[in-house]
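Below: one structure, written as structure tokens.
The values are calculated or read from the model by the stated rules, or taken from the named source; none is laboratory data. Here the structure is a predicted model, which is why all the values come from computation and not from measurement. Cβ sites come from the backbone with ideal geometry, for glycine too, and all protein chains shown count toward neighbours. SASA here: full protein model, heavy atoms, side chains in, ligands and nucleic acids out. Shrake-Rupley method; radii C 1.70, N 1.55, O 1.52, S 1.80 Å.
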Amino acid sequence: MTATKAQDCEQYLTIALGGELFAIQVGLVRDILDVALITAVPTAPLFVGGLINVRGQVAPLADLCLRLGLPPGQRTINTRVVVIEIVVDGVATIVGILADKVYEVTRLDAVVTGEIPRIGMQWRPEFVCLLGKRRNEFVAVLDIDRIFSSSLQPEEPELREKSGARARIGS
Amino acid sequence: MKDTHMLETQSIFLEELAELIQEIESDLLHLETTPEDRTLVDRLFRNLHTIKGGAGVAGMEPLARYTHAVENMLDMLRTGRLALSQDLASLLLETVDCLKSFQAEATGEAPLDVEKTNRSHHKILGAIGAGGLSQAAAPPAPVESPAPPLPEQAAPPEQTPPLRPETFIVQIYVRRDETPLAEEQEQVEAALRERGDLLAISHEHNLPPEGGGEPDAYYLWRSFHLVASCDRARVEEALGDWRTRHNVEFSTLTLLPESPPNQDAIDAEAAKDAHVVLGELACAPPAALFDSASPDRFQAHSSQKLSSIRVDIGKLDNLVNLVGEMITTEARLDRFQESLELRDTESSVALRNILDDSSRTLRELQDHALNMRMVPIGTVFELMHRLVRDYCRQSGKQARLTVSGQDTEVDKKVCEQISGPLKHLLRNSLDHGLEPPAERLARGKKATGELLLRAYQQFGLILIEVKDDGRGIDVAQVVASARAKGLVAEGVELSEREALELIFAPSVSTAATITEVSGRGVGMDVVKRDIEAMRGAVDVVTEHGKGTSITVSIPLTLAIIDGLLVRVGESYYVVPLSYVEEHLEIPVKDIRSCATNFLDSREELVPLLLLRDLFHIAGEPPITEKIVVVTTGERRVGLVVDQLMGYQQTVIKSLSPLHKGVRCFSGATILGDGRVALILDVLHLIELGQDSAERQRSF
């Protein structure tokens, strides 16, 4: 992790994932929806294992807890889908992100510079681009591009395993 | 404000430029095989004029100068002062590359290859010089040519040859509330017309609406293209007090001095072409169209050309999407109506009728919307001629490409995505398929290899065949290569079909030697992946020593399919109807207890895929399960599902790049209740089923 930019005046949407506080740059966010019917996509990487209908468009639904190495969140009355627009492989794509709770749009009070302390953080640090403070709480800003760009590589062994399972069927 | 206008002009021009370059390239290639075809030369000449004129208007001076030289060379070709040699043909093809470089620079894709264009420019001037024109090869530097002073009563240019006519471009910018009156305008135009051939272009649409816009801003209102043999002062004089009342900009189209007679009349027409959307191009020599410049002639010409318009592909996509939404909504209405039917018969029937009407109209709308996206595949095929030609010149092999079915229409998206895979396939045929001439003769074949590129329609699919009469694929060698790479274990015997499938595996090569063009074992896997991304398939037939035929099949449209909706547990899937052969009902124990999982259908064992197991769907299967037999004609597989939900039209939404590793599904769709259903990739499932079937047989 490299030193972060000293000053940060961007706005963030803060959300809860697996009991921790995270933030997404507001510029990426398109929509915040209630959880509707989720269609499972068999053989897909687990953390993008679903599809949802976002106002007539089909969007993948991501459970970032699985990506960040956090315990999976429980579906509650507070669970929301944060719809973001990102570029994956050069294609503008809308993606839904499951959030245990959506808090607010805010600026960060302070930005932690230098090494991100490993202590007390449960998530995988490579998916966080900035650590800030908000009302004396640590907020981890998610590196959305990185989360989704390299998304398929670590899942490959699992895919292969599944295709092995597929081949067994019928024999 | 000048800049925005310029940008707009430029973007219109750039769109045309791309088309013109493609047409020029294709014409040049045809010209090589039919050098006596006059219409080709004429059209080439015309297209270059159009580029030159457009480049001038769009402010791309270097391009204008360059095309001017090319045009002169073509003129000499046209009038027989130059003969079409191999070298000249190559030179002309080089110009296409240079034009593309200019284009790439203008679109910001790549910087201009200055060295290449300059070299080409010099070569062209050299060729013109060799053709006996009095002008020696002049450097391609901008040549400012101020018009010589002129006596007051200037005669028309035709009668005073020493005086070179010049093309003035006069642009009038006005304030919103100071638009010149109609009679004033007539006066000025008449005065200009006295001085030469005039083309007036209205930019009224540029002006903001009444009361809108900034009051002090100037907007481009008219531009005049004047081909006149007088100096600038005389032209200014014609404008009267407009020069002080409005913002008037003057420019001239710079011409190289060796311009042949009648050049400028042509320039004016070329300039005009740059502003008119290109429809069918007339093939008559431009001079004949433009002997005397009457404004009526322009008008007639323009309106004729406007029979087609250019539409942004994004807008068409939106239209198709909206039609798709309508179809989804209609499905909902249908279902709603059906739930009413039992309760109130009379009004229900009335509603049914209305729905039927709307459904018919909607189908028609859908057909039209999809049709608008269709383009003839010939545009892609044209690119292939160049590829074959260049390859043959480099390699010393001889090949003739025969093309058929160019008029077959395919979705614009298919057209864009198919050219890469087709190039790959052709290159493979040229490199690995066709033998060198000597070897061909030794085998009793003609020295020139035959390549066939054919498109046709069948079963809602577009089939494109790439065929050669070369040496064919040595299946044994493919298997050996795969074994060496560890893709096939020792001792495992492969069927012919499996062995041929290996050429699509990464890093397997059929070539004994690696050449610059192909043979590195990358290629066929990429081809297959690209084709499958379009929901298509690749099929290979080869005969050792006789040749190879590779057929690519792609769905007619990428937007909408007819589907059979099936349910497994809580999940819904769509099976594309074009693959469905039949559906059967079968007691669950018959499937599950049967060790082989084969269905005995029509004296053939059909492998079964239990979607519940395949997709790890929770829950118990019902007492009787349904089997949907899907087929590609030869191969078939039975999909075991819980329930058949019925037929429906389905708008395909492609899966996001996040799901690119998912192979069992070709897309998704939104059902009437808003739920997302996945569309099964039948080709992939058939492959899965067949693989397990073949494994079964080998035991």
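Worth pointing out:
- Looking across the stretch A:30-57 at every residue that is more than 7 Å from chain B (Cβ to nearest Cβ) and of a type in the set (Val, Ile, Thr), the one that is nearest to B:VAL323 (Cα to Cα) is identified as A:VAL54.
- For the stretch B:655-682, filtered to residues that are within 19 Å of B:TYR579 (Cα to Cα) and not in a strand (DSSP E or B), the residue that is farthest from the other protein chains (Cβ to nearest Cβ) is B:VAL682.
- Residues of the stretch B:279-302 include none that is at pLDDT 75 or above and either under 30 Å from B:ALA127 (Cα atoms) or out of contact with any Ser or Thr (no Cβ under 8 Å at 6 or more places or on another chain) (or both).
- Screening B:GLY80 with (1) without any contact (Cβ under 8 Å) to a residue 40 or more places away in the chain; (2) touching a helix residue (DSSP H, G or I) at 6+ places or on another chain (Cβ under 9 Å) gives one miss only, at (2).
- Summed over the stretch B:409-434, the residues that are buried (at least 20 other Cβ atoms within 10 Å of the Cβ) and farther than 15 Å from B:MET384 by Cα give a count of 6.
- Subset of the stretch B:361-390 (residues that are aromatic (Phe, Trp, Tyr) and open to solvent by 30 Å² or more (accessible area, probe 1.4 Å)): none
- When B:ARG175 is tested against (1) at pLDDT 75 or above; (2) farther than 22 Å from B:SER251 by Cα; (3) among the basic types (Lys, Arg), exactly one condition is not met: (2).
- Residue among B:ARG393, B:ARG400 that alone is open to solvent by 40 Å² or more (accessible area, probe 1.4 Å), in a strand (DSSP E or B) and of a type in the set (Lys, Arg): B:ARG400
- Tally, over the stretch A:65-99, of residues that are open to solvent by 40 Å² or more (accessible area, probe 1.4 Å) and either of a type in the set (Ser, Thr, Tyr) or not in a strand (DSSP E or B) (or both): 11
- Condition check for B:GLN457: in contact (Cβ under 8 Å) with a residue 60 or more places away in the chain, among the polar types (S, T, N, Q) and either open to solvent by 60 Å² or more (accessible area, probe 1.4 Å) or not in a loop (DSSP other than H, G, I, E, B) (or both): yes
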